[in-house]
1. With the checklist (1) at pLDDT 95 or above; (2) over 21 Å from F162 (Cα atoms); (3) touching a strand residue (DSSP E or B) at 6+ places or on another chain (Cβ under 8 Å) in hand, flag the one item E32 doesn't pass.
2. Can you confirm whether the range 51-67 contains a residue that is touching a Gly at 6+ places or on another chain (Cβ under 9 Å), hydroxyl-bearing (S, T, Y) and touching a residue at least 60 places away in the same chain (Cβ under 8 Å)?
3. Identify, please: which residue in the range 111-139 is without any contact (Cβ under 8 Å) to a residue 40 or more places away in the chain and outside any strand (DSSP E or B) and is, among those, farthest from V179 (Cα to Cα)?
4. What about R73, is it within 16 Å of W210 (Cα to Cα), touching a residue at least 24 places away in the same chain (Cβ under 8 Å) and among the basic types (K, R)?
5. Report yes if E105 is in a loop (DSSP other than H, G, I, E, B), over 26 Å from S206 (Cα atoms), without any contact (Cβ under 8 Å) to a residue 40 or more places away in the chain and open to solvent by 10 Å² or more (accessible area, probe 1.4 Å), otherwise no.
6. Just wondering, is there one or more residues in the range 189-203 that are closer than 15 Å to G135 by Cβ and not in a strand (DSSP E or B)?
7. Among the residues of the range 142-155, is any open to solvent by 50 Å² or more (accessible area, probe 1.4 Å), part of a helix (DSSP H, G or I) and either over 20 Å from A45 (Cβ atoms) or of a type in the set (A, V, I, L, M, F, W, C) (or both)?
8. Out of R37, R100, which single residue is open to solvent by 20 Å² or more (accessible area, probe 1.4 Å), part of a helix (DSSP H, G or I) and more than 23 Å from F162 (Cα to Cα)?
Amino acid sequence: MPTADYCLAMHLVKVEDGRLALTFFGRAVLLEDKFFREALTQWIAHLYLCNKEDGAETWYQVFWNGKDILGDRFDQETLEKWICPMIGASDGKSLGPTFRMYSDENSFQKCGAIKDFSGRWKREKAPIDSSFAIGYAAWMIDAIERNKRAGGQITVDELEEFCGFRSITGWTLGESQQVLTMLEQKGIFSIDRHMHPWIVCSKTTSESLWKRLYEDFI
């Protein structure tokens, strides 16, 4: 069950009629990267782990909810003072092994979303890479669809509320606009730049994008 719970949090599987079934993301991974070796796969799974609705609580508190409090660099003591009351833990002994998965070559090393530098933790930004664009878009549009706003206009602030696309990735405002522009150039979003904050509208579905997840790796 712990493994199943993490697979649910990474959005690889879902509960359907009382049983576990692959999500569209999970099916794409099974077909194209079943050994979980691609950095893209690991990053998308990490983004879902940080979701406030159905991700993993520790990930949400550190990478989304606690971003402005912890910053990009923090020591273990600061982390424990923040996170332990949030997750109801008496101490933070479990956090070290949890985050060391990002330095384990058999786990999430290629993602490396958080690293240990001489006793201090440092968060790394999600790559701004055109080969990751479809994955980012699928993740964002999935969040839009879950909030029943598919095909409608939303502000980038609403997009942040839906999926934490700036907080979790670590992108600045300028970097997030760079990513949205990249998605616009791929015909995935339309953007109204005359409004502040920007207004975006999805032009496709997450299902169709998951089927194309690895097309830029061919």
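The values are calculated or read from the model by the stated rules, or taken from the named source; none is laboratory data. Source: prediction; values computed, not measured. In this analysis, Cβ positions are derived from the backbone assuming ideal geometry, glycine residues included, and neighbour counts consider all displayed protein chains. These area figures cover heavy atoms from the full protein model, side chains too; ligands, DNA and RNA do not enter into them. Shrake-Rupley method; radii C 1.70, N 1.55, O 1.52, S 1.80 Å.
1. Answer for E32: the failing condition is (3).
2. no
3. Checked the range 111-139; the qualifying residue farthest from V179 (Cα to Cα) is S118.
4. Criteria not met by R73.
5. So E105 fits the description; yes.
6. The answer is no, given that none of the residues of the range 189-203 is closer than 15 Å to G135 by Cβ and not in a strand (DSSP E or B).
7. no
8. R100
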